[in-house]
Amino acid sequence: MRLDKFLSQQLGISRALVARELRAQRVTVDGEVVKSGAFKLAPEHQVEFDGNALVQQNGPRYFMLNKPQGYVCSTEDPDHPTILYFIDEPVAHKLHAAGRLDIDTTGLVLLTDDGQWSHRIMSPKHHCEKTYLVTLELPLAEDTAHQFELGVQLHGEKSLTKPAQLEKLDDHQVRLTIREGRYHQVKRMFAAVGNRVVELHRERIGAIALDDTLELGEYRALTEEEVASVLPH
């Protein structure tokens, strides 16, 4: 890769600004000042900007985060802190969430810079299962599981939801598995049957379950098996 392209990606600035920084002798490769943006970087080269090492990425990256309340799943937001606050990785702004959670929802968020991989999770045609732990305001009505199995009518939508599996844990807490990702779907499904979600926590996406050793705000890289579970077999 050309040095100027690498610096533009790493620093999040334009090639024109990169050229200015190069002229100012702020960039070194293997300890030597390099002023040419056309310099070809090899994987073994050590690049520094103002004495700070810039790491070359080898291939796409995949992480899971245990998201706390109060953070949004976008990479930038003028009003709220984003989940990237927790990600201590080079060029973290290149990562995106493969399936977002609302600001007040906690639990599993997958982050990657692999657009095709995340598309398989988010695309409706792949019917990727998602499992949530749901806390309800009112006791669970007896027929809710049957209604969700048949599909319910969401406010403002014509088609019924796809069949969903509901497991009752107690009168106010359930585990729900859905196969689509409509806007605020879980909250709207319970609203459709006269209840209200007071807490929502995502436990699983496809075969990838939230690591129970991760505290809120902690993350880890996915294993090869977890990454491969999303890919076509």
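The values are calculated or read from the model by the stated rules, or taken from the named source; none is laboratory data. Since we're looking at a predicted model, the values are computed, not measured. Counting neighbours? That spans all protein chains shown, and the Cβs are built from the backbone with ideal geometry, glycine included. Accessible surface is based on the protein model in full, side chains and every heavy atom, while ligands, DNA and RNA are left aside. Shrake-Rupley method; radii C 1.70, N 1.55, O 1.52, S 1.80 Å.
The residues of the chain expose, per residue, 55 Å² of accessible area to a 1.4 Å probe.
In this label model, LEU17 and ARG196 are separated by 4.5 nm, measuring between points 7 Å along each Cα→Cβ vector. Rolling a 1.4 Å probe over the protein heavy atoms of the chain, with every protein chain left in place, gives an accessible area that is 50 percent carbon and sulfur. Restricting attention to the chain, close to 95% of DSSP beta bridges with both partner residues there are antiparallel. Only one item in (i) 1, 6, 11, 15, 17, 16, 13, 10, 6, 3, 1, 0; (ii) 1, 6, 13, 17, 20, 18, 13, 7, 3, 1, 0, 0; (iii) 1, 6, 12, 15, 14, 13, 11, 9, 6, 4, 4, 3, 2, 1, 0 matches P(r) over Cα pairs in 5 Å bins from 0, in percent derived from the coordinates shown, and that item is (iii). In this calculation the C-beta distance from ARG100 to HIS146 is compared with R0 = 25 Å, giving a FRET efficiency of 0.25.
Largest first, how would ARG120, ARG196, ARG2 line up by accessible area (1.4 Å probe)?
Working: ARG120 70, ARG196 125, ARG2 95 Å².
Ranking ARG120, ARG196, ARG2 by accessible area, largest first, yields ARG196, ARG2, ARG120.
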